[in-house]
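Novice: Below you will find the structure I want to go over with you.
Every number in this text was worked out from the coordinates using simple rules, so none of it is lab data. In this text the structure is predicted, and so the values were computed from the model without any measurement. Positions of Cβ are generated from backbone atoms using ideal geometry, with glycine treated the same way; all protein chains shown enter the neighbour counts.
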Amino acid sequence: MPVDPGPCAWELPPADRADEIGVVAIGADLEPSTILAAYRAGMFPMPVRGHRRIAWWSPDPRGVLPLDGLTVSRSLRRSCREYEIRIDTAFETVMRACGDPRRPDGWITDGFVAAYRRLHDLGWAHCVEAWTPDGELAGGLYGIGIGGLFAGESMFHHRRDASKVALVALVDLLRAGGATLLDVQWSTGHLASLGVIEMPRAEYLRRLAAATALDVDPWAARGR
């Protein structure tokens, strides 16, 4: 089971106080207790473009992938047979690949890597990896799991469909483990093609409270 890092040292404002772009607050820190309290309250950390300080976001609408709504094309099903799925075997490597500085608007700094690595060591942050038969890490994703919630943070691929294959495996794992909510923060055209929908913040917060209250751990039997 994940290790409780203790109470948050900050008084976090309600997520519904977000401004027009979705920022609730700026400041605080990336301690495990702060990050977990924020996720439980419907927020996640990411810098505001052009600023170094941490911003805490709660978009409205929120991107969510219904666990029974993933769109898997015929070609993606074929790709699923081309990769080996591993869970939590290369967390920092996956996170750094997601934060490739060549990617536009990259925000996954060394500080973010260190913070989420601590959460991984405590059992809260997880990754799903797609490997080639010859042992190359082809793609993956990472995020935070709290009860029945998985908050997806980022994904990457070096080979065709590898990140999508990791997503298929993630959905299978969450469904089998009793999770109910897969948060992807914002919807994009690419994510919408995979089944991601937009949900009003108020509805997201209701579902979040129910999901994080569940006494489940989909990751318990998979690498921990």
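Novice: Can you bin region 15-57 into rounded, prolate or oblate? Criterion: square roots of the alpha carbon gyration tensor eigenvalues sorted a ≥ b ≥ c, rounded for a/c under 1.5, prolate for a/b above b/c, oblate for the rest.
Specialist: On the way: a/c = 2.49, a/b = 1.15, b/c = 2.17.
Because a/c hits 1.5 or more and a/b fails to exceed b/c, region 15-57 counts as oblate.
Novice: Which order do the peptides 137-150, 14-27 come out in when sorted by mean C-beta neighbours inside 10 angstrom, highest first? List each step's numbers first, then the result.
Specialist: On the way: 137-150: 24.6, 14-27: 14.6.
Sorting 137-150, 14-27 by mean packing, highest first, produces 137-150, 14-27.
Novice: Shifting gears a bit: Could you sort the peptides 80-86, 189-195 by per-residue average Cβ neighbour count (10 Å cutoff), highest mean leading?
Specialist: On the way: 80-86: 15.9, 189-195: 14.0.
Final packing ranking: 80-86, 189-195.
Novice: Is region 156-224 best put as rounded, prolate or oblate by its Cα gyration tensor, with a ≥ b ≥ c the root eigenvalues, rounded for a/c under 1.5, and otherwise prolate when a/b is larger than b/c, oblate when not?
Specialist: Working: a/c = 2.83, a/b = 1.11, b/c = 2.54.
Oblate shape, in that a/c is at least 1.5 and b/c is the bigger or equal ratio.
Novice: Hey, another quick one. In debye, nearest 20: dipole of the chain around its Cα centre with unit charges on the Cβ of K, R (+) and D, E (-)? Walk me through the numbers on the way to the answer.
Specialist: Details: 25 positive and 28 negative charges, 104 e Å.
The dipole magnitude comes to about 500 debye.
Novice: On to the next question. In whole Å, what is the distance between the alpha-carbon centres of region 137-156 and region 35-101?
Specialist: After rounding, the separation between the Cα centres reads 5 Å.
Novice: Choose one answer from Phe44, Phe112, Phe156: the residue with the largest mean-square fluctuation in a GNM of the chain with alpha-carbon springs under 10 Å.
Specialist: Answer for the Gaussian network model of the chain: Phe112.
Novice: How much mean residue ellipticity at 222 nm does the chain get from its helices, if each DSSP H run of length 4 or more adds -39500 (n - 2.57) and you divide by all residues, to the nearest 500 deg cm²/dmol? Please report the intermediate quantities before stating the final value.
Specialist: Working: 7 runs with 69 residues, N = 224.
Rounded to the nearest 500, the figure is -9000 deg cm²/dmol.
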